[in-house]
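S.K.: Take a look at this one; I'll ask things after.
The values are calculated or read from the model by the stated rules, or taken from the named source; none is laboratory data. Because the structure is predicted, anything quoted here is derived from the model rather than measured. Every residue, glycine as well, gets a Cβ built from its backbone with ideal geometry; the counts of neighbours run over all protein chains shown.
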Amino acid sequence: RADCLEHGLADMMIRTMDSLSPYLLIERRHLKEILREHGLAGSGLVDLDTSVRQAQLAKAELLLLGSFALEGDQLTIQVRLIRVSDQRILAQLLWKDLSTKVLTAPRTLSEKLLTSLGNPFDPARLEGIEKQIPTTIDVAKSYYQGLSAFDEGHYPEALAHYLDAARQAGDFRKAHPAVLEIYYLLGRSEHAVLFARELAKSYEERGEASGAVEYYFA
């Protein structure tokens, strides 16, 4: 459960801030590639010095750090926005509520972060965010368990979680390319083709031509 929250909270904050903020965010995959090039692929964001060093390698100006604590049903999330050049804390926020309400945390925290930095909050920019962030706890749990297994190189386990997320994804679209990626990594291209074909048909039946074309070509 902790691994799921660790990956999930970071990813949901990235997606929300990317939609709302004027900043260019560095994707987790791009950051991992940068760290791998510098021989730091195995080092996690374990302390401030390490985090700042990694942010400098990525040529980032701002660093958003987060931590959480789960006690029973209560979840506490703390985030800090730090200027990389002098390590000054520009904003520090706390979110505390029932763990079942965790999906509301990224929007609340992102809104408060932007407000503290003098950037207006425009809710209209969140249109379509449901394609990037799970809308139910069950989907979030399956998807981020898959992400955790993927990062650890446990591809069959990751596939099982991603497929579970895809079955109940609704408007959440990130589970679908994740399934295709795992199929190819496992050398099961025929399964990827069948999965993509079924997705394309479902989009076509709903009148979503762009989605249908995307997966017919996939």
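S.K.: Taking only segment 111-157 into account, find how many residues are at pLDDT below 90 and among the acidic types (Asp, Glu).
M.R.: Of the residues in segment 111-157, 5 are at pLDDT below 90 and among the acidic types (Asp, Glu).
S.K.: Do you know which residues across segment 1-29 are more than 11 Å from the chain's Cα centre (by Cα), modelled with pLDDT under 75 and assigned to a helix (DSSP H, G or I)?
M.R.: Ala2, Asp3
S.K.: Taking the condition buried (at least 17 other Cβ atoms within 10 Å of the Cβ) and assigned to a strand (DSSP E or B), does Leu64 pass? Outline the logic, then answer.
M.R.: Working: buried (at least 17 other Cβ atoms within 10 Å of the Cβ): yes; assigned to a strand (DSSP E or B): yes.
Yes.
S.K.: Okay, next question. Collect the residues in segment 137-156 that are within 18 Å of Thr108 (Cβ to Cβ) and surrounded by fewer than 17 Cβ atoms within 10 Å (Cβ to Cβ), keeping them in residue-number order.
M.R.: If the condition is that a residue be within 18 Å of Thr108 (Cβ to Cβ) and surrounded by fewer than 17 Cβ atoms within 10 Å (Cβ to Cβ), then Ile137 is the only one that fits.
S.K.: Separate question: Test Leu98 against the stated conditions and say whether it is at pLDDT 85 or above, surrounded by fewer than 17 Cβ atoms within 10 Å (Cβ to Cβ), closer than 25 Å to Val139 by Cα and hydrophobic (A, V, I, L, M, F, W, C). If you could, list the steps in order and put the result at the bottom.
M.R.: Numbers: at pLDDT 85 or above: yes; surrounded by fewer than 17 Cβ atoms within 10 Å (Cβ to Cβ): yes; closer than 25 Å to Val139 by Cα: yes; hydrophobic (A, V, I, L, M, F, W, C): yes.
For Leu98, the condition - at pLDDT 85 or above, surrounded by fewer than 17 Cβ atoms within 10 Å (Cβ to Cβ), closer than 25 Å to Val139 by Cα and hydrophobic (A, V, I, L, M, F, W, C) - is met.
S.K.: Cβ-Cβ below 7 Å, separation at least six or inter-chain, first residue in segment 185-198 and of a type in the set (Phe, Trp, Tyr), second surrounded by 14 or more Cβ atoms within 10 Å (Cβ to Cβ): which pairs?
M.R.: The qualifying pairs are Phe195/Val179; Phe195/Leu180; Phe195/Tyr183.
S.K.: Can we say Ala140 is over 24 Å from Gln54 (Cα atoms), more than 16 Å from the chain's Cα centre (by Cα), hydrophobic (A, V, I, L, M, F, W, C) and part of a helix (DSSP H, G or I)?
M.R.: Against the criterion (over 24 Å from Gln54 (Cα atoms), more than 16 Å from the chain's Cα centre (by Cα), hydrophobic (A, V, I, L, M, F, W, C) and part of a helix (DSSP H, G or I)), Ala140 does not qualify.
S.K.: Identify all residues within segment 157-211 that are among the aromatic types (Phe, Trp, Tyr), surrounded by 13 or more Cβ atoms within 10 Å (Cβ to Cβ) and in a helix (DSSP H, G or I); write none if there are none.
M.R.: Listed by number, the residues that qualify are Tyr162, Tyr183, Phe195, Tyr203.
S.K.: Taking the criterion of being surrounded by 17 or more Cβ atoms within 10 Å (Cβ to Cβ), assigned to a strand (DSSP E or B) and touching a Phe, Trp or Tyr at 6+ places or on another chain (Cβ under 7 Å), would at least one residue in segment 73-84 satisfy it?
M.R.: Yes: one or more hits.
S.K.: Let me ask you something else. Closer than 16 Å to Leu9 by Cβ and at pLDDT below 95: is that true of Arg107 in this structure? Reasoning before the result, please.
M.R.: On the way: closer than 16 Å to Leu9 by Cβ: yes; at pLDDT below 95: yes.
Taking the combined requirement at face value, the residue satisfies it.
S.K.: Of Gln92, Gln87, which residue is surrounded by 11 or more Cβ atoms within 10 Å (Cβ to Cβ), over 18 Å from the mean Cα position of the chain (by Cα), on the phi > 0 side of the Ramachandran plot and at pLDDT below 95? It would help to see each step written out before you state the result.
M.R.: On the way: Gln92 fails: on the phi > 0 side of the Ramachandran plot.
Checking each option against the conditions leaves just Gln87.
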